[in-house]
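What follows is calculated from the coordinates using simple rules that are stated; it is not laboratory data. The structure displayed is predicted, hence computed values, not measured ones. Glycine also receives a Cβ, built like all others from the backbone with ideal geometry; neighbour counts cover every protein chain displayed.
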Amino acid sequence: MQLDWFGIRTVYHFGQKKDGTNLFEERVCVFSGVDSDEAFAKAQVEAEEYTTGLGMEWHPLQECYLLDGDSLIDGYEVFSQVFEYDGSLDSFVTERYERFRYSPDE
């Protein structure tokens, strides 16, 4: 059975600064799967494990892209960046990822 590799981005409410500004982490990990549904299922489990005991929450809108190339390590983090934002996790995701989403003309 051929497994493909997918990079999946998850956004986390990472914490809060002393002044009340929220911190959000954008994190990309790679997962194998026969399709993106299988990779998303693994990413959801990993997101729950990542936040357990840390008091963090993650946003259910995860983005996925199919990778080319050789096999990788399931769940390996390949990118992480922290952002400051005064609003909630939902409003951060909407502002950063949904507001300017490209929708090609059909």
What relative contact order, as a whole-number percentage, does the chain give when Cα pairs under 8 Å and 6 or more residues apart are counted? 37 percent
Less than 14 Å Cβ to Cβ from Glu49, Lys/Arg counted +1 and Asp/Glu -1: what total charge do the surrounding residues give? -3
If you wrap a convex hull around the Cα atoms of the range 49-99, how much volume per residue is inside, in Å³? 119 Å³
With 10 angstrom as the radius, rank Met56, Met1 by how many other C-beta atoms surround their C-beta, starting from the fewest. Met1, Met56
Please work out the Cα convex hull volume for the range 4-98 and give it in Å³ per residue. 89 Å³
Nearest-ten-degree value, helix 36-51 long axis tilted from longest Cα axis of the chain: 40 degrees
Pick from Phe92, Phe83, Phe14: which is most flexible by mean-square fluctuation in a GNM of the chain where alpha carbon atoms under 10 Å apart are linked? Phe83
Per-residue ellipticity at 222 nm for the chain, helices alone: DSSP H runs ≥ 4 residues times -39500 (n - 2.57), over residue total, nearest 500 deg cm²/dmol? -6000 deg cm²/dmol
GNM flexibility winner over the chain from Gly33, Gly87, Gly53 (Cα, springs under 10 Å): Gly53
Selected from Leu67, Leu89, Leu54 as most flexible by GNM, with the chain as the system and alpha-carbon contacts under 10 Å: Leu54
